[in-house]
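> There's a structure below that I have some questions on.
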Amino acid sequence: MWNVIGHSKAVALLDRARRENRLAHAYLLVGPGGVGKRTMALNLAQALNCTGTESPCGGCRSCQRIKSGKHADVRILSREEPRSEDGSPRKEIGIDAVKHLQNEASLPPFEGRRKVFVIDGADYLSPAAANCLLKTLEEPPAGVVILLLTAREDRLLPTVVSRCQRVELLPLPAALLESLLRERGLSPEQAKVLARLSRGCPGWALTAAASPQFLEQHGRQLDELAGLERAGLDRRFALAARMAGDFSKQREKVEAALELCQGWWRDLLLVKGGLVDYVANVDRLEPLQAGAGAYTEAEIRDAITALREARRQLEWNANPRLVLEALMLAIPTRN
């Protein structure tokens with residue numbers, strides 16, 4: 001049984017292609033972090049190698065070994081696997097990892113029916129690695145399925161994208177995710193809050209539900225970013241310097257912080273326009289209402305525009321310190 005939350009159309013597409021032996025040699029699973037891309041990829045790997053009566057059964061030896069990451073014919077490439085010598089995530093997925101994939105792909109399955117390679121965070125492939133992967137995508141070995149997972153399709157080489165069958169996983173509607181979370185034992189209030197905070201991404205919601213520390217850290221980060229409204233230049237520039245220092249090693253951490261900040265200003269704009277039902281930070285309605293009353297609609301829109309521009313400039317490899325300091329000057333001040 002597929003263990004994916006929602007995404008019934010995508011599951012049906014992949015399962016039908018598997019049953020009819022019409023699977024593409026490569027798929028590009030596109031969607032925001034926590035939406036279910038990795039779960040779907042591993043479920044497909046289980047379905048292709050399952051020995052139970054209903055694929056994927058989840059209980060046979062093959063399904064269990066894939067779940068635990070021990071199956072010889074299912075490999076995951078990411079910046080975290082393997083990590084750098086100091087234990088931190090690598091900056092990119094290098095060409096050596098792709099060459100190792102190609103070597104393994106050329107060999108027959110060792111313990112299963114099909115070889116499956118999952119490249120989690122395919123947008124972090126180095127240019128050399130992406131070009132090297134093209135050879136395998138153009139001339140795929142028989143019995144091999146390659147799954148590329150990404151939240152940023154625009155960062156991939158167009159030639160890589162064109163050689164994959166694209167499957168998009170959209171965030172789930174808040175009401176649907178809330179219902180699914182309640183079915184998994186969460187209280188109505190907790191399900192409502194997490195469904196909104198996760199912006200429709202069940203993986204994020206389940207992680208937050210299982211880890212109070214995760215939610216606390218999220219809250220502290222939001223407090224810091226929302227607190228910039230009242231912060232002086234010294235505090236703003238200190239934060240810019242810290243984020244710029246993090247950017248070279250933990251780019252995704254800085255990008256997530258900017259996205260979180262942009263989400264806060266988006267919520268302010270929604271409250272300003274009377275659209276409270278669409279707010280993501282539903283647990284912070286009181287400060288949002290106070291903040292919305294302190295700014296004009298134009299000021300809130302300007303803040304959102306500044307955040308979007310900062311993210312765009314960072315994507316184009318502008319100087320992080322200068323970009324973030326300019327952003328701190330652009331965020332409106334509230335007395």
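The values are calculated or read from the model by the stated rules, or taken from the named source; none is laboratory data. None of the values given here were measured: they were computed from a predicted structure. Ideal geometry is used to build each Cβ from the backbone, glycine not excepted, and the neighbour counts take in all protein chains shown.
> Go through the range 304-319 and give me each residue that's modelled with pLDDT of 95 or more and in contact with a Phe, Trp or Tyr (Cβ under 8 Å, 6 or more places away or on another chain).
304, 307
> Next question, about the same structure. Only one of 252, 216 is closer than 21 Å to residue 155 by Cβ and not hydrophobic (A, V, I, L, M, F, W, C); which?
Checking each option against the conditions leaves just 252.
> Would a scan of the range 148-158 turn up a residue that is at pLDDT 95 or above and either under 26 Å from residue 64 (Cβ atoms) or outside the structural domain of residue 62 (by TED's automatic domain parsing) (or both)?
Yes, the conditions are met somewhere in the range 148-158.
> Within the range 201-209, is even one residue polar (S, T, N, Q), assigned to a helix (DSSP H, G or I), surrounded by 17 or more Cβ atoms within 10 Å (Cβ to Cβ) and within 17 Å of the chain's Cα centre (by Cα)?
no
> Suppose we keep only residues that are free of Cβ contacts under 8 Å to residues at least 24 places away in the same chain and hydrophobic (A, V, I, L, M, F, W, C) within the range 41-72. Which one would you say is surrounded by the fewest Cβ atoms within 10 Å (Cβ to Cβ)?
So the residue we want is 60.
> Right, here's the next one. Looking at 138, 168 in this structure, which one is over 23 Å from residue 102 (Cα atoms) and either of a type outside the set (A, V, I, L, M) or touching a residue at least 60 places away in the same chain (Cβ under 8 Å) (or both)?
168
> I've got another one for you. Given the range 1-114, what helices (runs of 4 or more DSSP H) lie entirely inside it while holding 3 or more residues that are farther than 28 Å from residue 152 by Cβ?
Answer list for the range 1-114: 61-67.
> Another one. Across the range 136-189, what is the number of residues that are in a helix (DSSP H, G or I) and closer than 19 Å to residue 25 by Cα?
Within the range 136-189, residues that are in a helix (DSSP H, G or I) and closer than 19 Å to residue 25 by Cα number 9.
> Related question: Please determine, by comparing only the residues of the range 153-169 that are farther than 22 Å from residue 116 by Cα and within 19 Å of the chain's Cα centre (by Cα), which one is surrounded by the most Cβ atoms within 10 Å (Cβ to Cβ).
Here the residue is 155.
> Please pick out the residue among 172, 147, 137 that is crowded, with 16+ Cβ neighbours inside 10 Å and farther than 30 Å from residue 205 by Cβ.
137
> Collect the residues in the range 23-62 that are hydrophobic (A, V, I, L, M, F, W, C) and over 24 Å from the mean Cα position of the chain (by Cα), keeping them in residue-number order.
Result: 23, 48, 50, 57, 60.
> So which of 38, 18 is crowded, with 16+ Cβ neighbours inside 10 Å, of a type in the set (Lys, Arg) and under 22 Å from residue 125 (Cα atoms)?
Every option except 38 fails the conditions.
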